[in-house]
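Below: the structure, in C-alpha coordinates.
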Amino acid sequence: MYRFLLSRQWVILTLLALALIPTMIKLGFWQLHRHEHKVALNTVIANSLGATPVPAESLTAPGQTVTHDDLYRRVTAKGHFDTAHEEVVRRRTNSDGEVGYHVLTPFVLDDGRVLVVNRGWIAADGAQSAFPKIPAPATGEITVTGRLMPDETTADSGIKNVQGLPDRMVMLINSEQEAKRLGKQVLGGYIEQTAPEPKGDIPELIPAPEHNDIGPHMAYAVQWWLFSAGVPVGWVILVRRERRDRAEAAATRETPETAPAPV
(Lines give C-alpha, C1' and ligand atoms only; values in the text may rest on other atoms or scores of the structure.)
Protein backbone atom coordinates (compact mmCIF):
# COMPACT_ATOMS: atom_id res chain seq x y z
CA MET A 1 0.00 0.00 0.00
CA TYR A 2 2.86 2.32 0.80
CA ARG A 3 5.43 0.71 -1.49
CA PHE A 4 5.55 3.95 -3.48
CA LEU A 5 7.59 5.42 -0.60
CA LEU A 6 10.50 3.28 -1.84
CA SER A 7 10.47 4.97 -5.22
CA ARG A 8 13.37 7.29 -6.10
CA GLN A 9 11.13 10.36 -6.05
CA TRP A 10 9.74 9.68 -2.58
CA VAL A 11 13.10 8.67 -1.10
CA ILE A 12 14.57 12.01 -2.22
CA LEU A 13 11.53 13.91 -0.91
CA THR A 14 11.72 12.14 2.46
CA LEU A 15 15.46 12.75 2.83
CA LEU A 16 14.92 16.40 1.97
CA ALA A 17 12.22 16.70 4.64
CA LEU A 18 14.47 15.01 7.22
CA ALA A 19 17.25 17.47 6.40
CA LEU A 20 14.99 20.52 6.54
CA ILE A 21 13.65 19.85 10.02
CA PRO A 22 16.93 20.15 12.01
CA THR A 23 18.13 22.96 9.72
CA MET A 24 15.04 25.05 10.43
CA ILE A 25 15.23 24.30 14.16
CA LYS A 26 18.87 25.44 14.15
CA LEU A 27 17.97 28.63 12.28
CA GLY A 28 15.29 29.29 14.88
CA PHE A 29 17.80 29.03 17.73
CA TRP A 30 20.21 31.25 15.77
CA GLN A 31 17.53 33.95 15.62
CA LEU A 32 16.76 33.40 19.31
CA HIS A 33 20.43 33.96 20.20
CA ARG A 34 20.42 37.15 18.11
CA HIS A 35 17.34 38.30 20.02
CA GLU A 36 19.00 37.58 23.37
CA HIS A 37 22.16 39.39 22.26
CA LYS A 38 20.13 42.42 21.17
CA VAL A 39 18.24 42.53 24.47
CA ALA A 40 21.48 42.24 26.45
CA LEU A 41 23.15 44.95 24.35
CA ASN A 42 20.18 47.29 24.80
CA THR A 43 20.43 46.77 28.55
CA VAL A 44 24.15 47.60 28.55
CA ILE A 45 23.56 50.74 26.47
CA ALA A 46 20.68 51.91 28.66
CA ASN A 47 22.69 51.37 31.83
CA SER A 48 25.77 53.09 30.37
CA LEU A 49 23.88 56.13 29.10
CA GLY A 50 22.03 56.47 32.38
CA ALA A 51 25.11 56.24 34.57
CA THR A 52 26.96 59.21 36.02
CA PRO A 53 30.07 60.09 33.96
CA VAL A 54 33.37 58.85 35.38
CA PRO A 55 36.98 59.68 34.44
CA ALA A 56 38.04 57.84 31.30
CA GLU A 57 41.26 56.73 33.02
CA SER A 58 39.20 54.70 35.50
CA LEU A 59 37.82 52.45 32.76
CA THR A 60 40.65 52.19 30.26
CA ALA A 61 44.42 52.39 30.00
CA PRO A 62 47.10 52.13 27.29
CA GLY A 63 46.89 48.74 25.61
CA GLN A 64 43.68 47.87 27.44
CA THR A 65 40.55 46.60 25.71
CA VAL A 66 37.24 48.31 26.49
CA THR A 67 34.98 45.70 28.07
CA HIS A 68 31.48 44.90 26.84
CA ASP A 69 29.91 46.15 30.06
CA ASP A 70 31.62 49.55 29.62
CA LEU A 71 30.35 49.99 26.05
CA TYR A 72 28.84 53.49 25.60
CA ARG A 73 29.71 54.37 29.21
CA ARG A 74 29.78 58.13 29.70
CA VAL A 75 33.26 59.32 30.64
CA THR A 76 35.09 62.60 31.13
CA ALA A 77 38.67 63.69 30.55
CA LYS A 78 40.58 66.85 31.41
CA GLY A 79 43.26 68.18 29.09
CA HIS A 80 43.60 69.85 25.69
CA PHE A 81 43.11 68.98 22.02
CA ASP A 82 46.13 68.38 19.80
CA THR A 83 44.84 69.61 16.43
CA ALA A 84 48.29 69.35 14.83
CA HIS A 85 47.87 65.57 14.78
CA GLU A 86 44.18 65.54 13.86
CA GLU A 87 43.02 63.09 11.21
CA VAL A 88 39.80 61.87 9.61
CA VAL A 89 38.15 58.48 9.17
CA ARG A 90 36.94 57.89 5.64
CA ARG A 91 33.57 56.57 4.43
CA ARG A 92 31.48 57.40 7.47
CA THR A 93 27.80 58.35 7.22
CA ASN A 94 25.63 60.67 9.26
CA SER A 95 22.04 60.08 10.39
CA ASP A 96 20.78 61.06 6.91
CA GLY A 97 22.99 58.51 5.18
CA GLU A 98 25.34 61.10 3.68
CA VAL A 99 28.92 59.93 3.22
CA GLY A 100 31.67 61.96 4.84
CA TYR A 101 34.34 61.72 7.53
CA HIS A 102 34.60 61.27 11.27
CA VAL A 103 37.03 63.71 12.87
CA LEU A 104 39.64 62.17 15.18
CA THR A 105 41.49 64.59 17.41
CA PRO A 106 44.03 63.44 20.03
CA PHE A 107 43.14 64.75 23.47
CA VAL A 108 46.21 65.13 25.67
CA LEU A 109 45.51 64.48 29.34
CA ASP A 110 47.20 66.30 32.18
CA ASP A 111 49.58 63.38 32.71
CA GLY A 112 50.67 63.37 29.05
CA ARG A 113 48.71 60.32 27.96
CA VAL A 114 46.35 60.61 25.00
CA LEU A 115 42.67 59.84 24.59
CA VAL A 116 41.38 59.49 21.04
CA VAL A 117 38.27 61.65 20.61
CA ASN A 118 35.82 61.24 17.74
CA ARG A 119 34.53 64.81 17.50
CA GLY A 120 31.79 63.93 15.04
CA TRP A 121 30.88 63.89 11.34
CA ILE A 122 31.67 66.34 8.56
CA ALA A 123 30.66 66.28 4.91
CA ALA A 124 33.10 65.11 2.25
CA ASP A 125 33.42 68.28 0.20
CA GLY A 126 35.91 68.28 -2.64
CA ALA A 127 38.39 65.60 -3.63
CA GLN A 128 38.62 62.50 -1.47
CA SER A 129 42.40 62.79 -1.50
CA ALA A 130 42.40 66.31 0.02
CA PHE A 131 42.24 66.76 3.77
CA PRO A 132 38.92 68.49 4.55
CA LYS A 133 38.52 71.80 6.33
CA ILE A 134 37.60 71.12 9.94
CA PRO A 135 36.41 73.70 12.46
CA ALA A 136 38.79 73.94 15.39
CA PRO A 137 37.72 72.55 18.77
CA ALA A 138 37.73 74.47 22.02
CA THR A 139 41.24 75.63 22.89
CA GLY A 140 43.08 75.55 26.17
CA GLU A 141 42.46 73.18 29.02
CA ILE A 142 38.92 71.86 28.96
CA THR A 143 36.87 68.90 30.16
CA VAL A 144 35.49 66.73 27.40
CA THR A 145 32.64 64.25 27.85
CA GLY A 146 31.82 61.32 25.60
CA ARG A 147 30.71 57.73 25.19
CA LEU A 148 33.44 55.12 25.58
CA MET A 149 33.87 52.83 22.57
CA PRO A 150 36.13 49.83 21.83
CA ASP A 151 38.82 49.89 19.17
CA GLU A 152 37.61 49.16 15.67
CA THR A 153 39.16 46.17 13.92
CA THR A 154 38.71 44.64 10.50
CA ALA A 155 37.43 41.42 12.09
CA ASP A 156 34.69 43.18 14.06
CA SER A 157 33.67 45.89 11.60
CA GLY A 158 34.30 44.23 8.27
CA ILE A 159 36.09 47.40 7.14
CA LYS A 160 39.43 46.82 5.46
CA ASN A 161 42.32 48.82 6.88
CA VAL A 162 43.44 50.10 3.48
CA GLN A 163 47.11 50.97 3.09
CA GLY A 164 48.48 53.90 1.11
CA LEU A 165 45.74 56.38 2.05
CA PRO A 166 46.31 60.12 1.79
CA ASP A 167 48.10 61.70 4.72
CA ARG A 168 46.05 62.03 7.94
CA MET A 169 43.32 59.68 6.69
CA VAL A 170 42.43 56.27 8.14
CA MET A 171 39.72 53.65 7.73
CA LEU A 172 39.47 52.45 11.34
CA ILE A 173 39.58 54.06 14.77
CA ASN A 174 42.20 52.09 16.66
CA SER A 175 44.17 53.22 19.72
CA GLU A 176 47.15 50.95 19.00
CA GLN A 177 47.42 52.40 15.53
CA GLU A 178 47.24 55.90 17.01
CA ALA A 179 49.90 55.10 19.61
CA LYS A 180 52.31 54.07 16.86
CA ARG A 181 51.52 57.18 14.85
CA LEU A 182 51.86 59.61 17.75
CA GLY A 183 54.65 57.87 19.62
CA LYS A 184 52.77 58.34 22.89
CA GLN A 185 50.77 56.29 25.38
CA VAL A 186 47.17 56.15 24.14
CA LEU A 187 44.26 54.92 26.25
CA GLY A 188 42.55 51.85 24.83
CA GLY A 189 39.44 52.51 22.75
CA TYR A 190 38.16 56.00 22.03
CA ILE A 191 35.23 58.24 22.91
CA GLU A 192 32.39 59.74 20.88
CA GLN A 193 32.29 63.35 22.05
CA THR A 194 29.02 64.63 23.50
CA ALA A 195 30.24 67.81 25.22
CA PRO A 196 31.23 70.54 24.79
CA GLU A 197 29.06 71.02 21.73
CA PRO A 198 30.87 72.43 18.68
CA LYS A 199 30.17 75.94 17.44
CA GLY A 200 27.74 75.91 14.54
CA ASP A 201 27.07 72.20 15.10
CA ILE A 202 30.08 71.27 12.95
CA PRO A 203 31.33 68.60 13.26
CA GLU A 204 27.94 66.95 13.84
CA LEU A 205 28.00 65.09 17.13
CA ILE A 206 27.32 61.38 16.75
CA PRO A 207 23.83 60.61 18.11
CA ALA A 208 23.32 58.16 20.96
CA PRO A 209 22.58 54.61 19.79
CA GLU A 210 19.01 53.34 19.58
CA HIS A 211 18.39 50.92 22.43
CA ASN A 212 14.61 50.51 22.63
CA ASP A 213 14.10 48.42 19.51
CA ILE A 214 14.70 44.68 19.98
CA GLY A 215 14.22 43.89 16.30
CA PRO A 216 12.29 41.04 14.64
CA HIS A 217 14.60 38.19 15.67
CA MET A 218 12.15 36.53 18.08
CA ALA A 219 9.42 36.57 15.44
CA TYR A 220 11.86 35.02 12.96
CA ALA A 221 12.77 32.31 15.48
CA VAL A 222 9.11 31.35 15.98
CA GLN A 223 8.61 31.43 12.23
CA TRP A 224 11.47 28.99 11.61
CA TRP A 225 10.17 26.62 14.30
CA LEU A 226 6.66 26.71 12.79
CA PHE A 227 8.20 25.88 9.41
CA SER A 228 10.04 22.93 10.96
CA ALA A 229 6.78 21.66 12.47
CA GLY A 230 5.03 22.12 9.15
CA VAL A 231 7.49 19.90 7.25
CA PRO A 232 6.35 16.53 8.72
CA VAL A 233 2.72 17.63 8.56
CA GLY A 234 3.12 18.49 4.89
CA TRP A 235 4.92 15.20 4.27
CA VAL A 236 2.04 13.20 5.82
CA ILE A 237 -0.51 15.13 3.76
CA LEU A 238 1.41 14.40 0.55
CA VAL A 239 1.73 10.69 1.44
CA ARG A 240 -2.00 10.36 2.11
CA ARG A 241 -2.85 12.19 -1.10
CA GLU A 242 -0.51 9.95 -3.08
CA ARG A 243 -2.01 6.84 -1.46
CA ARG A 244 -5.55 8.01 -2.22
CA ASP A 245 -4.72 8.86 -5.84
CA ARG A 246 -3.08 5.48 -6.38
CA ALA A 247 -6.04 3.66 -4.77
CA GLU A 248 -8.51 5.49 -7.01
CA ALA A 249 -6.40 4.72 -10.08
CA ALA A 250 -6.25 1.04 -9.14
CA ALA A 251 -10.01 0.90 -8.56
CA THR A 252 -10.64 2.42 -11.96
CA ARG A 253 -8.48 -0.19 -13.66
CA GLU A 254 -10.25 -3.05 -11.87
CA THR A 255 -13.81 -1.90 -12.75
CA PRO A 256 -15.11 -3.97 -15.78
CA GLU A 257 -16.26 -2.00 -18.77
CA THR A 258 -20.04 -1.93 -19.29
CA ALA A 259 -21.04 -4.00 -22.34
CA PRO A 260 -22.93 -2.11 -25.10
CA ALA A 261 -26.69 -2.71 -25.24
CA PRO A 262 -27.91 -4.99 -28.06
CA VAL A 263 -29.53 -3.27 -31.01
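The values are calculated or read from the model by the stated rules, or taken from the named source; none is laboratory data. This one's a predicted model, so the numbers in the text were calculated from it and none came from an experiment. Please note: Cβ atoms are built from the backbone with ideal geometry, for glycine as well, and neighbour counts cover all protein chains shown. Side chains are part of the model used for accessible areas, which takes the heavy atoms of the whole protein and leaves out ligands, DNA and RNA. Shrake-Rupley method; radii C 1.70, N 1.55, O 1.52, S 1.80 Å.
A few remarks follow.
- No other residue among LYS133, LYS180 is part of a loop (DSSP other than H, G, I, E, B) and either farther than 24 Å from SER48 by Cα or modelled with pLDDT of 95 or more (or both) apart from LYS133.
- Scanning segment 1-26 for residues that are open to solvent by less than 60 Å² (accessible area, probe 1.4 Å) and either more than 19 Å from VAL233 (Cα to Cα) or of a type in the set (Phe, Trp, Tyr) (or both) turns up PHE4, SER7, TRP10.
- Annotation note: Cβ proximity below 7 Å between a residue of segment 166-182 that is of a type in the set (Gly, Ala, Ser) and a residue that is part of a loop (DSSP other than H, G, I, E, B) (sequence gap 6+ or interchain) occurs for SER175/ASP151; SER175/GLY188; SER175/GLY189; ALA179/GLN185.
- Given (1) farther than 28 Å from LEU59 by Cβ; (2) at pLDDT below 90; (3) exposed (fewer than 13 other Cβ atoms within 10 Å of the Cβ), index of the condition ALA155 fails: (1)
- Among the residues of segment 39-75, those that are over 21 Å from ILE206 (Cα atoms), in contact (Cβ under 8 Å) with a residue 24 or more places away in the chain and in a helix (DSSP H, G or I) comprise VAL39, GLU57.
- The C-beta contact set for segment 237-263 (first residue modelled with pLDDT of 80 or more, second residue exposed (fewer than 10 other Cβ atoms within 10 Å of the Cβ), distance under 8 angstrom, 6+ apart or interchain) comprises ARG243/MET1.
- Taken over segment 148-158, the residue count meeting the criterion of being in contact with a strand residue (DSSP E or B) (Cβ under 8 Å, 6 or more places away or on another chain) and of a type in the set (A, V, I, L, M) is 2.
- Residue in segment 200-211 that is open to solvent by 90 Å² or more (accessible area, probe 1.4 Å), in a loop (DSSP other than H, G, I, E, B), touching a residue at least 24 places away in the same chain (Cβ under 8 Å) and not hydroxyl-bearing (Ser, Thr, Tyr) present: no
- Segment 59-92 - residue that is open to solvent by 70 Å² or more (accessible area, probe 1.4 Å) and within 14 Å of ARG119 (Cα to Cα) and, of those, nearest to the chain's Cα centre (by Cα): HIS85
- Test for LEU27: is it touching a residue at least 40 places away in the same chain (Cβ under 8 Å), in a helix (DSSP H, G or I) and more than 27 Å from the chain's Cα centre (by Cα): no
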